[in-house]
Every structure is written in structure tokens, then in C-alpha cells.
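For reference, the structure discussed in these notes is given below.
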Amino acid sequence: MSSVLPTSFVYTAVRTPFGRYGGALSGVRTDDLAATVLSELLTRTPDLDPARIDDVVYGNANGAGEDNRNVGRMAVLLAGLPVTVPATTVNRLCGSSLDAAMVASRAVETGDAEIVVAGGVESMSRSPWVLPKPVKGFPAGDATLVSTALGWRLVNPRMNPAWTVSNGEANEALADRFGVTREQQDAFALRSHRLADRAWSDGFYDDLVVGVPGVDLKRDEGIRADSSLEKLASLKPSFRPDGRITAGNASPLSDGASAVLIGSADAARVIGTDPVARIAGRGAVGSVPQEFGYAPVAAAERALAAAGITWSDVGAVELNEAFAAQSLACVGAWPIDPEIVNTKGGAIAVGHPLGASGGRILGTLAAVLRERRARWGVAAICIGVGQGLAVVIENVA
């Protein structure tokens, strides 16, 4: 019996540009966004017979509108893959597509699959309003439509009220706990915009992003290259009258999709290309729901331990910037140089379409490691309702 541990690899990754809420991608159905990146993966691997794909795992946080009925399967059918290719959809809210990659990597490592597409999609613009069914027919009173774009909805009255505060209020409390100032948050947000703008101008994203057919959007729509500390300081707090979180230092509502091709070492001969990164460690943790923003700290520690390395080995980190407050709290807890975090901008600038963000940070991380010729990287993401995920990858390109 072989003593060599099974391994899984990232072969290629792609995403759409991320659009603003109500912006350039708002006219595109969610399942069409999902199909776009799946089709592009196949275009980039022309030697791969689509019938050899063992499974497709898509992440999606809402699933209440055009992403219902298993959007992963919808993507397979709309992209023209053989109907024999199965697909599933997973929901771990903001971490859904990183979770999809973790599920895919486990399937490869256990031998259940050789080639799996992991991805995720979200159109927060097109997330519908929902109306609960009445308990009895012909209700006499009014009914209220509930938006499914973000956050708690149709809350169980038995749920602890401390757990169901808004994401913004939860991160105001986190900023209180760790002493994160408004000035620090605005500076972090400005850095995100400037680095994202520079990365696009330098051509870093050219190979990572594919345009959406019929849409004139060449790059991420939320980047504000002309932002400044003065402009950010002028914005009013969003959640508390005297708060520190604003629309400028938090990620925006967004639309977009991402996909990652994951396979075994032997899959290279079928795919027709060499892998770019090895998935070396995974970590999933739970936390007090309102402290979800800090959960990536423990998730990353778990993933590092699984990979058998420490922070001193890490050359790059992609941390999804849900809020500057929680990002600064996480980075402050890790014994790393903050300058290795999100060197190509983060979600505050790029956007955060919930189900797609995990795939974005994983693909970006692999590309950053290649560019920096660094060996180890960490992708981490916080998740509403108190969870965090992290994946450690090793550059093998």
C-alpha cells in the first residue's frame, strides 16, 4: 500500500468582471453568469473532453430566484456540456465557492473523482423579493415582501436576538473590540481601490477574467481609482449615527461568477496542461454568529496546520474584504507583514458577489504566487452567521 498521500491541484481559474448592484451585469440572469465561466474553462482547456468532468460543484448564497433549481446543474446545461456531467450547488453563504473548491478537492483526494469544476455565482441585483405563504387561505391583512439580496430574512423568533444583528452592526462591535478606527478603515479601503486599479492597469487580471457576452464591462465595476482619504472621510456612517463603517470601507453588493478547475496529478494528461497549485490544507470553523468577521483567523490556523506549515512560510494571503473592520482585525491577529495581503486589491474595490468570492480569491492567490515566485499562500473568507473558511495552496507552476 502506497504511503504517498493523495493530492488535488488547481489547473486553471477564471471569473467574470464583478458588477455593481444595479449595474452593468444586472441584466444578466444568474444561471447565465454561471454558464459563462464554465464555458470559458473549457475554452482554456481545449484538450479536455467535457465528458471527462466527473462533477461540477457551484456555490450560491441565495438560491431564491433565477439561481434556484440547482444553479450548478443549470450552468452545465446552459454551457452545453454533456447531460451526463452531474452538478450540485452548495450554500455556505459568503464562503460558498471556496467551500465548493474544498468539496471538489476532497472528492479528488478520496478517488471519487479525477476532474471537478468548482465555482460560484451571485446576482445580488436580481435576488428577488419573497413573500411567505399564509398559514391559511384568504388572509385579511397585508403582507410584506422581503429582499433576499443580503442578510437575515424571515428570522425564526426562537433565534437569539444577539445573533441576528445586521452584518454592519456586528462589525461595528468587532471594531469596538479590537480598537479599529475609522481612519484605519478608510486607509485600508483606499489601498484596496488603488491596488485593484493598478493590477488592472498592469494587466494582472487579463488572464483571470472573461467578459460576459452582450455586456460592455471590461473590468470590475466597483473600483474607484479617483478615491481619496478626504472623499472616504466625507461619507456618513451606515449603521450607527456615530459609527465607523461606511459605504466606502465595506464591500458593495455585487454581481458575478467564478470557476476553478480542480483535478488529480494524473488528470494533467487528460486536461492537457500542468497544474498551477496544489491544495495543501483546508480549514472550516464556527464562531459566535455576530463575530463572523473574525472567524478567518481560526480557519487559517486550521488550514496551516493541515498543510504542515506556519505563517513564516506564507508568501501571499487573499482575505475577502467583507468589511475593512474585520479585515484589519484578522490581519492584526496573524504574525505576517500586512503588505502581503490582497496585493491586487480586495472585495472593497473589486466587489463581493457572495457565492462567487471564494473562487475569486483562490484563483487570484494562485496567480499572485506565480507572479511573486512564492511557494505558499492562504485564501480565507468570513461567512455570515458565524463561520470562516481557509485554504492553503502550494505554488507548483
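The values are calculated or read from the model by the stated rules, or taken from the named source; none is laboratory data. Quick caveat, the model's predicted, so the values are computed rather than measured. Positions of Cβ are generated from backbone atoms using ideal geometry, with glycine treated the same way; all protein chains shown enter the neighbour counts. Accessible surface is based on the protein model in full, side chains and every heavy atom, while ligands, DNA and RNA are left aside. Shrake-Rupley method; radii C 1.70, N 1.55, O 1.52, S 1.80 Å.
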Original post:
Do we have A118 as in a loop (DSSP other than H, G, I, E, B) and of a type outside the set (K, R) here?
Top reply: no
Original post:
If you check I348, I381, which single one turns out to be part of a strand (DSSP E or B) and at pLDDT 95 or above?
Top reply: I381
**OP:** State the number of residues belonging to region 234-245 that are within 19 Å of H193 (Cβ to Cβ) and buried (at least 18 other Cβ atoms within 10 Å of the Cβ).
**Re:** 2
Original post:
Which of the residues belonging to region 71-93 are open to solvent by 20 Å² or more (accessible area, probe 1.4 Å) and under 23 Å from I381 (Cα atoms)?
Top reply: T88, T89, V90, N91, R92, L93
Subject >> Residue under evaluation D226, criteria (1) of a type in the set (D, E); (2) part of a loop (DSSP other than H, G, I, E, B); (3) within 24 Å of the chain's Cα centre (by Cα), criterion not met >> reply: (3)
Subject >> Selection count, region 1-56, where residues are in contact (Cβ under 8 Å) with a residue 40 or more places away in the chain, among the β-branched types (V, I, T) and either in a strand (DSSP E or B) or under 19 Å from V108 (Cβ atoms) (or both) >> reply: 7
**OP:** Take K231 and decide whether it is of a type in the set (D, E, K, R), outside any loop (DSSP other than H, G, I, E, B) and either open to solvent by 30 Å² or more (accessible area, probe 1.4 Å) or at pLDDT 95 or above (or both).
**Re:** yes
**OP:** With the checklist (1) surrounded by fewer than 24 Cβ atoms within 10 Å (Cβ to Cβ); (2) part of a helix (DSSP H, G or I); (3) in contact (Cβ under 8 Å) with a residue 60 or more places away in the chain in hand, flag the one item E339 doesn't pass.
**Re:** (3)
